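Report on one structure; see the data block that follows.
The values are calculated or read from the model by the stated rules, or taken from the named source; none is laboratory data. All figures in this text were calculated on a predicted structure; none of them were measured in a lab. Note that each Cβ is placed from the backbone with ideal geometry, even for glycine, and that neighbours are counted across all protein chains shown.
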Amino acid sequence: MNQNFSQPFVSRALTSWVSKFLTIAFHFTAEEAVYLLELLAFFLVFEIFYQVGVCIKGKQFGVISSVLLILSIPWFAFLPRYMPLYFLYDTYALLANVIFLYFLQRGKFVPFVIFFSFATLNRETSLIFVFIYFLVHFQSLGNYKLLKRIGLLLLIWVSIKILLKFLFSMKGGEVYQDQYWSNIEFFLSMTYEIKNPIFFEPYYRFSFLIFPILFLIPLFWKQNVSMLPLRIRKTLPIGIVILLIFLYTANIYEYRIFTEFLPIFILPISMIVVQTIKYGESLELG
């Protein structure tokens, strides 16, 4: 949880600025500021995600989807770690994704843009939601209007990244080098395994390469997908994009980055679970 607030990693500045403000304004220690913001973020994640579920299919579905999210987060975020590589901006990236889903369901563009700006200050992965917004509104919003909105979101994203690069040009965080070769070594090299025995528990290999795909298997069945609302069904292709980006670009330490996108997949998976349970109950009654 320890963060150097003066040097945001790859210019992920928002949580560093907020944490720094808390330490100055309220005389918190760095650790106290981080723990407070973590607690606040997770409370908002589950509360807002519950509201998203309620908007879609009512209170019962909101509870089921929220519980599934709570059970999924530890596997992706906290358990598969060799070192404590979970940062405050990871939690707020998760919160941003939940907020995006809420405004997508509500059809509110202006709040979406505002939170998109904050999310981009926090982490560059906010760009994924530009594509999600396009997929959700393609053929349901006029082409010209949709392109204007997508153009605005892209302009905001690029402008913020240029601003952050300028602000932190002399003190940006380090970027992990040679990550692709390192991953190959991780999985194939016996020498590397001997040097890092604790790093080679089967759990890590399984969780990094296999579990995200297993997690999404229900979404590859046509029968399951057909029962989903159109708006949620439109977001599914982005799951393949996220997986490809994740498996290609992430070094083994970065397994946690999948966590922030869990809400995108939890909603359709929860619907499939609920529909399967109802179908089983109807067979028993029949």
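Overview of values
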{"read-out": "Pick from the range 168-182, criterion hydrophobic (A, V, I, L, M, F, W, C) and surrounded by 10 or more Cβ atoms within 10 Å (Cβ to Cβ), ranking: modelled with the highest pLDDT", "value": "168"}
{"read-out": "Any hit, the range 239-262, residues being surrounded by fewer than 17 Cβ atoms within 10 Å (Cβ to Cβ), farther than 18 Å from residue 90 by Cα, modelled with pLDDT of 75 or more and among the β-branched types (Val, Ile, Thr)", "value": "no"}
{"read-out": "Residue pairs meeting the criteria (Cβ under 6 Å; at least 6 apart or on separate chains; first closer than 19 Å to residue 74 by Cα and surrounded by fewer than 17 Cβ atoms within 10 Å (Cβ to Cβ), in the range 39-53; second of a type in the set (Lys, Arg) and modelled with pLDDT of 95 or more)", "value": "none"}
{"read-out": "Matching residues, the range 135-149, being at pLDDT 90 or above and either within 14 Å of residue 234 (Cβ to Cβ) or not hydrophobic (A, V, I, L, M, F, W, C) (or both)", "value": "144, 145, 146, 148, 149"}
{"read-out": "Residue list for the range 13-38, restricted to those being of a type in the set (Val, Ile, Thr) and either surrounded by fewer than 19 Cβ atoms within 10 Å (Cβ to Cβ) or over 22 Å from residue 261 (Cβ atoms) (or both)", "value": "18, 23, 24, 29, 34"}
{"read-out": "Test: residue in the range 102-115 that is of a type in the set (Ser, Thr, Tyr), surrounded by fewer than 16 Cβ atoms within 10 Å (Cβ to Cβ) and either within 28 Å of residue 163 (Cα to Cα) or at pLDDT 85 or above (or both)", "value": "no"}
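Residue-wise test of (1) of a type in the set (Val, Ile, Thr); (2) surrounded by fewer than 18 Cβ atoms within 10 Å (Cβ to Cβ); (3) modelled with pLDDT of 85 or more; (4) in contact with a Pro (Cβ under 7 Å, 6 or more places away or on another chain).
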residue: 119; (1), (2), (3), (4): no, no, yes, no
residue: 126; (1), (2), (3), (4): no, no, yes, no
residue: 133; (1), (2), (3), (4): no, no, yes, no
residue: 151; (1), (2), (3), (4): no, yes, yes, no
residue: 166; (1), (2), (3), (4): no, yes, no, no
residue: 184; (1), (2), (3), (4): yes, yes, no, no
